[in-house]
Each structure stands twice: as structure tokens, then as C-alpha cells.
Amino acid sequence: MRAALARRAAAAAVVLALLLTGCSGGGDDGRDADGTIRLRFQSLAWQKESVDANKQLVKEWNAAHPGVQVDYVQGSWDSVHDQLLTSFEGGEAPDIIHDASDDLADFAYGGYLTDLGPLLPARLKAEIPEQSWRTTTFGEGVYGVPFLQEPRVLIANTKLLKASGVRIPTPEDPWSWEEFRWVTKELTGKGRYGIAWPLKEPVSVTLNLGLSGGGQLFHRDDDGKAVLRFEEGDRVVPGTIHDQVNTDGSAARSALGMGGSDSLPGFFGGKYAMVPLGFSYRQQIIQQAPEGFDWTVLPAPAGAGGPTQGVSPQTLSVAEDSPHKKEAVAFIDFLLRPPNMVRLARGDWMLPTGTEALADPSLHTAEHGWNVGTALARGLRPAPAQSVRGYPEWKDKVATPALQEFYSGAIDIGELRKRLVDDGNRVLARYQR
């Protein structure tokens, strides 16, 4: 996730603390000696504003529900998958689990998470659009409530953008991928690249932006099994990035191995005119930009698929082993009431999935580009590999090295297709026997 370097130092300590926390508290029935139900809520909030918002909401719940108390437990994005797996297998999982939809498949199919479908209040079901619910639906069950999401946007140096004379895109009229490639050449000058692609983790960026080019990559055959196909639309995004780096010289080769935060010093220093980042990076930019630095938020390019992107929303789930599932869902419902969802979204600098929350006026201001993000929300779709078993192995062992080599110019598009599809389908087949 975001700002990984800033959090890795504490990851091991967080895992230990969470395991110790899981062994403390009331009895096996989740009640204190006086009969009070005690729920553990593991939050992955890490920015101060977000942590403060989550803790305040827990405090408000506890004040209003003396018979059902919630303990806030701090987790870490860097270690969450392994930590949850250890907790599940040890029977010490938190009752309420904060995660992301692309991390839920194995836990859902493994029987570690509660099917929330029969437990969800009608209000909450109706508040969140069907396309968002699809990100947490595995088989016939719903295993999480999607509540925060972020589009990928272009963060541009306003001074350089205006000086270039290029057309300024809007959510209603974004750059095409062809125009975007031309623009980055126009923005390139002595000691300056038009764009930096921080692609230390290239797979999600490629897949999610690929939807706008008409790509999909992951498909279902007649038997419902996942299969990989590399079609014309799948070439648009990787082909553009490859050509910016290797043909045009408009994208910095040195940025390919960076994380998003790593690209910011070069952006502030004028080395890169634009950087494509998650919407939430705006907070870091506000905190770190030198005084007087002027920046603007632009929509990502769009192709044959329109201004669409894949997303893996943040989620709230309930452990199957929790003895108080109804109470846990009631807390989630409280946490995600529209005004509270807005508080969580603003704390994390992301977008709420709820339609009423998304309509809140505070999320439609031009300041810090909030209005650009909310305008893009209607084009957000489930990430292409959302429910595919075997995706983590394909991502780590096949797609990441293949895309890194392709973007650096070490292999061509034909070899990329062979690795992603031929090698990838062999991986997926093992999970679908």
C-alpha cells in the first residue's frame, strides 16, 4: 500500500502486538465478566487524520452502546495478509477486519470470513452501488463491505503544464492515451521528463488503468474458470509506458523501480512534470511540497474503454469465528453511516463508496482536486483479477518480473504476452483443478 517505507520498520512489532492482543481480554464467548460483549476492531488506518477519525468513531460507538464495547487494534498494511492468516489459523482473529478487496479471496474461499449477505442492513446494502459489492462477492457470498476507494490520477506541476501550452484535460474530456503520449513529449525538456512512472509494483497499475484502453486480461471461459488472454486493448497502457521510456525518452527510466513516495522529491524539484499516483497521495504532497509549489490534479487518460479504472476498495469484514457476528455488523453499519463514511474518506484522502456520502459537498470542492476525484468515481470498476484464485502467485512470480523487463526494454510485447498468458494460465490452472 501507500508509503510502505514509512511503515515497514514497525511491521514486525505490529504483528507481535496483534497476536498478544488476540490472547487477552474476555473469555471464549467474547464477553467480559459482567456480560459486556467485547469486539476487537483491527484497523489499518495509518495517517494521523485517519487514525484519529477511526478512534473517535469507536469512542462514539462505545459511549452509545455500553453493552457492546469495541476495542481498537492497530494493524499494518505491510503485514496484514500474513498476520491475518496466522490469526485465523490460531483462532485469534479480530472480530472486525479492515483489509482490501483484493486480499479477501483466499480468506473467503478458505472459510475464515463470514458471509455478510444475510446480516447486512437494507440501508447499507442500498447505499453502496452494485459494482462495489462485486469486489467483495466470492461465489454466492459477500465477505466484506467495500467503503473507501481511490482512482489513479495525474499530479502535474501547474507552472510547467501551463507553460507548455497543452490542452488541460477534464474528467469530462480527458486525454486519450495517444494524446497523453504526445503531451509527455511536449513537457520533456533539458533535465526534465514529461512523466515519471513509479512502477516498483507494476501489476495493479497496468491492470487497473488497462480497463480504460479496453483491456481486461482476465476472462472467464464457458465453465466459469479464469483464463488469461492478451488482446488488442491490453496492449494500450503497457505499450504507451514502454514507448515513453524506450522510444520517446519522455518518461524517466530511473523511476521504474520507485514507489509512489520515492517519485515526489523529483517531482518537487522539477525533474518530472507529472506523476501518476493514487488519489490519496495528495495528503503527502500537501505535507511535503516546498513553499510556493503549485500542483494540480488531472484525470488519467482514457481510451476505447472510456474513463474507467479498476479499483480494489478498502473493506470491513467479520471473522467466521467471531461469536458476535450480528453485533460486529451493527458496528460496521454505524461506522459506515454516510456522515461517518465522509469522515473516514477525508481522513484517508480517498473516496467513499456510498452514494450519499459521495454527494457530500466537502468532497466536491476544487481545493486539492477533490472534485476531480469525485467526478471519476462513476468510472471505477472492480479490478480485473478481483476474484481470481491464484492471482497472488501469478502477480508475484509471473507478471511483476515480466512487466518490469518489458518496461525497461529488455523484452518485447510478444514475449510479454507469452509470459503473462502462457505461463500465467499454467499458474491459474493449478488453482482450478
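The residues listed here are D360, D321, D333; of these, the one that is of a type outside the set (S, T, N, Q), more than 14 Å from S280 (Cα to Cα) and free of Cβ contacts under 8 Å to residues at least 40 places away in the same chain is D360.
Against the test of being part of a loop (DSSP other than H, G, I, E, B) and either surrounded by fewer than 17 Cβ atoms within 10 Å (Cβ to Cβ) or in contact (Cβ under 8 Å) with a residue 24 or more places away in the chain (or both), the options P276, P290, P265 yield a single qualifying residue, P290. A search for C-beta distances below 6 Å between a residue of the range 408-433 that is polar (S, T, N, Q) and any residue that is open to solvent by 50 Å² or more (accessible area, probe 1.4 Å), counting only pairs 6+ apart in sequence or on different chains, returns Q432/K225. Report the residue count in the range 338-361 for those that are buried (at least 23 other Cβ atoms within 10 Å of the Cβ) and among the small types (G, A, S). Within the range 338-361, residues that are buried (at least 23 other Cβ atoms within 10 Å of the Cβ) and among the small types (G, A, S) number 3. Remark: pairs (first residue in the range 344-355, in contact (Cβ under 8 Å) with a residue 60 or more places away in the chain; second residue among the polar types (S, T, N, Q) and assigned to a loop (DSSP other than H, G, I, E, B); Cβ separation under 8 Å; 6+ apart in sequence or on different chains) = G347/Q47; D348/Q47; W349/Q47. Looking across the range 112-132 at every residue that is acidic (D, E) and part of a helix (DSSP H, G or I), the one that is nearest to the chain's Cα centre (by Cα) is identified as E130. Restricting to the range 27-47, name every residue that is in a strand (DSSP E or B), touching a Ser or Thr at 6+ places or on another chain (Cβ under 9 Å) and open to solvent by 10 Å² or more (accessible area, probe 1.4 Å). R40 - this is the single residue of the range 27-47 that is in a strand (DSSP E or B), touching a Ser or Thr at 6+ places or on another chain (Cβ under 9 Å) and open to solvent by 10 Å² or more (accessible area, probe 1.4 Å). Give the range 85-104 a look and list any residue that's under 12 Å from Y143 (Cβ atoms) and open to solvent by 10 Å² or more (accessible area, probe 1.4 Å), or say none. Scanning the range 85-104 gives a single hit, D103. Entry remark, the range 133-169: residues being part of a helix (DSSP H, G or I) and of a type in the set (S, T, N, Q) number 4 in total. In summary, D321 fulfils each of the numbered conditions (1) part of a helix (DSSP H, G or I); (2) open to solvent by 10 Å² or more (accessible area, probe 1.4 Å) with the single exception of condition (1). Scanning the range 307-318 for residues that are more than 30 Å from Q287 (Cβ to Cβ), crowded, with 24+ Cβ neighbours inside 10 Å and of a type in the set (S, T, Y) yields a single hit, S317. Take the conditions under 30 Å from S263 (Cα atoms), in a helix (DSSP H, G or I) and modelled with pLDDT of 95 or more and apply them to L298. Does it pass? Criteria not met by L298. Out of the residues in the range 193-251 that are free of Cβ contacts under 8 Å to residues at least 24 places away in the same chain and under 23 Å from N425 (Cβ atoms), state the one that is surrounded by the fewest Cβ atoms within 10 Å (Cβ to Cβ). Out of the qualifying residues, it is D222. Listed conditions (1) among the hydroxyl-bearing types (S, T, Y); (2) open to solvent by 20 Å² or more (accessible area, probe 1.4 Å); (3) under 21 Å from A383 (Cα atoms) are all met by T296, apart from (3). When every residue of the range 341-350 is checked against the conditions, at least one turns out to be under 29 Å from A226 (Cβ atoms) and of a type outside the set (G, A, S). Scanning the range 51-62 for residues that are under 16 Å from P339 (Cβ atoms) and open to solvent by less than 40 Å² (accessible area, probe 1.4 Å), we see that the one that is farthest from the chain's Cα centre (by Cα) is W61.
Listed by position, the helices (runs of 4 or more DSSP H) contained in the range 387-433 that have at least 3 residues being of a type outside the set (V, I, T) and buried (at least 22 other Cβ atoms within 10 Å of the Cβ) are 400-408.
S362 passes every criterion in (1) under 23 Å from T296 (Cα atoms); (2) touching a strand residue (DSSP E or B) at 6+ places or on another chain (Cβ under 8 Å); (3) assigned to a helix (DSSP H, G or I) apart from (2). Scanning the range 63-84 for residues that are in contact (Cβ under 8 Å) with a residue 12 or more places away in the chain and assigned to a helix (DSSP H, G or I), we see that the one that is surrounded by the fewest Cβ atoms within 10 Å (Cβ to Cβ) is D82.
The values are calculated or read from the model by the stated rules, or taken from the named source; none is laboratory data. Quick caveat, the model's predicted, so the values are computed rather than measured. Here the Cβ is made from the backbone with ideal geometry for all residues, glycine too, and neighbour counts use every protein chain on show. With ligands, DNA and RNA removed, areas are computed over all heavy atoms of the protein, side chains included. Shrake-Rupley method; radii C 1.70, N 1.55, O 1.52, S 1.80 Å.
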